[in-house]
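The values are calculated or read from the model by the stated rules, or taken from the named source; none is laboratory data. Owing to the predicted nature of the structure, the values given are computational and were not obtained by experimental measurement. So basically every Cβ, Gly included, is an ideal-geometry build from the backbone, and we count neighbours across all protein chains shown. The accessibility values were calculated without ligands, DNA or RNA, using every heavy atom of the protein model including side chains. Shrake-Rupley method; radii C 1.70, N 1.55, O 1.52, S 1.80 Å.
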Amino acid sequence: MSSLTCTKLTIFTVAGVIIQAIGLSLFVYGFFPVKPALSGFSGPESFRAPTCNSVHNQSERDLPPDQLKSLYQEQSGIPPFDRLVLMVIDGLPAEFVLGKDDRPPSKALMDAMPYTQSLLANGMAIGYHAKAAPPTVTMPRLKAMVSGAIGGFLDVAFNFNTQALLDDNLLGQLFRIGWKMVMFGDETWLKLFPGLFMRHDGVSSFFVKDTVQVDQNVSRHLGDELRRDDWDLMILHYLGLDHVGHIGGRNSILMVPKLLEMDTVVKTIHTSVIANQQNDQGQTLLVVVSDHGMTGNGNHGGSSDEETDSLALFIGLGNHVSDYALYTLNTVYQVDIAPTLALLFGVPIPKNNVGVLISGTSGSFTDDQQLKALELNSWQLLRLLQAQLPGLSCEISPCDGFSDDQECRKSKCSGNMENMICCLYWKAAVLHSSWRSKDVSRSYSREDYSGIVAAYYEFLKTASEWLSRRVTDKPANLLSFGVAAMLLSCLILLSLIFSICKEVYIREMQQCFDSIYSMHTWSLDETFILGVILILVISMGSSSMVEEEQYIWHFVTSTLNLLLLRKTMQSLPVEKLRSLFRLYKGNKKIAFQMCSIFVLIISGRTLRGWHQGGVNWTYLPNISKWLLKAGSNYIKFIQLVSGLLMISLCLFALSLSGSRRKIIRVVRFSFLVLGLLVLQHIMKYQDNTFVSSSCSATLSVQIIFAGLGIATIGTFMALPWLMPSCITKMDSSHHSFMSASVPIEIQNKYPLLELRNSLYVIGWAYMFCWCLLQLLLQQPINSLPMLLLLVQILASMIYSSYSGVHHKQWVEIAALYYLGMAGHFGLGNSNTLATIDVAGAFIGMSSYSTLLSGILMFIITYASPNLFLLSMVMYISVKDTSYLVIPEKADSGHLLKNMLAFPCLIPLGVNSILLTAYTITLLLMRNHLFVWSVFSPNLKSTARWRWLFGDGLVVVSESVGDGLMVVSGSVGDGGDGDKMGCGGFGFAWRGYGGCGFGFAGVGVGVMGGCC
């Protein structure tokens, strides 16, 4: 079979990547469908018992607002409240107000909200831990509170581009009875309910640097609005506390002042409209809620207890209960807020609600009114169940065969879900009917009443849990087609890798290398590399291993480094191992390799202990927590020292390029200036809890962004043209093997050493730019881990440059990939949304931009994997592949294939295997209990990384392809043959990356969008 040409290799690779992208898109579209919702809205029929053939009275639905309000009040029989103040404190954990695990909040937190604590202590407020469903981000949580429905997991993506809420919801019901509404705060409300508010002032929820003005814009309207009487619903959505958390975490020095500010708002509202209200003035209810909690570092989005612990505080119900603990330790679900408010304000419960009336909020109701509220809630859930379970009988009571209600009360409901739900409903309904007949004769007892309440809640909670857990129907055909496409893509990429390996093997055999390194046998490190992929595929079936994936990567990299050390030592005679001095003096290459492996092991272990990632053991001590406790001065010192060492290391590496031309000096000077600007910015504006949002700080960052973009792109564009055409003696001696193995005519036509010099400098420019960006954007505590990642790259390059032809190239590239993934978790990332650093995505931005902040967020999150991908450019420059050159086929396409095939195909192949295996796992486990809380977030993380992965390959292939075309064209006509057909190889990758030269030019993009 003829060998692959560069053109064929490019076509097949791009085809495989496109097929994979199509398959992944189809799978994601099928796996994350929008949850089905009943169309329309609840009307007067909500106050009547459901029947199988119920018919809506359209004339009642079309009544004017005042008449519809009177009809609702007459049919419900429950006296409603007249006004509602809904105060949303974004990101407030319930434990800040109510405590945790039978313990009250700490003294500092109680002192931060003294008025709210006094309301709870005096029984004038009732507080609940309202458990939120994942994803714990704002938009889906607001929808849950006003509609009572649990949205689809893709709402986390829609959170950045909110669309109008078309499903039945509480605000729509209130609007239909003529309520006037005002809203101040998070503009998400304006996007969810366009045109609904007669007055509003929205603020952006994503500009997290603002912790002061964002709340002042809300509170400045408060005094005037409280004096007005032309509104019925006022929504106040405060974002400052959530922003404080993103910037400094739960223990930020700004947290207590922010809680005091929120407590003042509660006091102002309560004293103005609730404390002194008279019966003839109507009843106003203040509800203080939070959309989600936050982790220790202030992030959210996952399903941990800290993130799902939101607050529901009712002030003005008039319960006057003195048992503080009774009303601060109750746990409800966030979706329970919607039916509770609907019943308190006399409107139908939203059609798709799965929540339950919160026990304790109806304490001011009479017994008959409370049972009526539970009955209305039961009717609504029964209608929803009938829509979800077409076979559910709604007319035959399982209690018809019993002689009295006592036998019905003692009966046990069992069987399939339809029978059990119907049995529980009719059990409560029959008991309620019996109680009504006893109520006429006043022969009922409190025990009878309690039994009816318990029966209703048994049905309500069973129905609610089933509806909440109900697995959304997924189109199996679409999922299967997506998996099949990814399997096909995986086979294409693996076939290409196998073909390239075969060509390399044949060429190495023709070179007659030493039989000790025969290709017939597999070494231990090669077997381990493949075994790692098998370990990762198997671990995907365990939810715990998905949550704690970082342990696999740390184990893999440590073990692989030990195996490489063993292999290196085995290549030495025994007598040389007895003395380190003799080892260094006799064989410097082996000594350098061993030292580089020791550096990898030590730095890897430090990264492993820096952050305690994952989900289940985040409470364990680690280096970063110890430094945070030590204080901000220590962290800033470490950050500055790490920055200085990072700059020094990069400048030293650039000095090793072997060229003394002015262009190299210009590159070194440019990055030196930019590095000093970064350090100056850190010293002047940055600390461990807060990044100044002043204009000068923003301008400083924008200048650095622009400078990094110009310097990096300028190096990439200019260096291949300006590098000297002659090769220095240092280059010739260092690459003596290549010079001897490649015919002189090929060296003259395609100056490979000149190309390697260019790629070496360009590769370091990429990494220098990336590290300076991370030093600027990452949390200050991550500055030393970024330095360690750079040290690992340098050590890996030293090892690869001295490994010779006897170490397989695909093993070294896979090892780099593994180091990148271990570094990803070493920076504190995990497979949950909660570890995404939102605060850093707004550094250098004077106004909010979804695109630019999204780019910065991805740069921060995937710092390590993309750093190691960018290092592939330098790896190509230091790894000698000239022995693979076939003189009779030596054109630019052939040389380009030899340099780029493994660096691009190996990461693509590993990614393809892991992504395909994970989609198959999800297909098999789509009904798993943790499919939304564990597996789905990891799929999103994996998919994002796979897409962004293409950008790194764009940079690698563009740099090598363009460099070869320039240097070959500078000495001749550039050759023909496969050169034009290959198209520079790098350009073909643009179809996958989609962003072109995005990473190197990110500074220019951010600068242009922010100025």
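Could you sort out which of 588/879; 69/427; 567/588 sit more than 21 Å apart by Cα distance in this structure?
69/427
Ranking 880, 111 by solvent-accessible area of protein heavy atoms (1.4 Å probe, all protein chains present), from largest to smallest, gives 111, 880. Relative contact order of region 82-358, taken over Cα pairs closer than 8 Å and 6 or more residues apart, is 38 percent.
Among residues other than residue 365 with Cβ under 14 Å from its Cβ, the summed charge is -2 (Lys and Arg +1, Asp and Glu -1).
Each of residue 630 and residue 224 was given a label point 7 Å from its Cα along the Cα-to-Cβ line. The distance between the two points is 5.2 nm. Applying 1/(1 + (r/R0)^6) with r as the Cβ-Cβ distance of residue 502 and residue 680 and R0 = 41 angstrom yields a FRET efficiency of 0.15.
Computed over the alpha carbons of region 74-213, Rg followed by Dmax gives 17.3, 50 Å. For region 82-358, the solvent-accessible area with a 1.4 angstrom probe is 33 square angstrom per residue.
For the listed peptides 180-186, 634-640, a ranking on the average number of other beta carbons within 10 Å per residue, highest first, reads 180-186, 634-640.
Given a 1.4 Å probe and every protein chain left where it sits, what share in percent of the accessible area of region 823-879 is carbon and sulfur?
Values: 740 of 1050 Å².
Using a 1.4 Å probe with all protein chains present, region 823-879 comes out at 71 percent carbon and sulfur.
How much of the accessible area of region 82-358, in percent, comes from carbon and sulfur atoms when a 1.4 Å probe is used? Can you show the working numbers first?
Working: 4700 of 9030 Å².
It is 52 percent, rounded to a whole number.
I need the fraction of alpha carbon pairs in region 82-358 separated by more than 32 Å, rounded to a whole percent.
15
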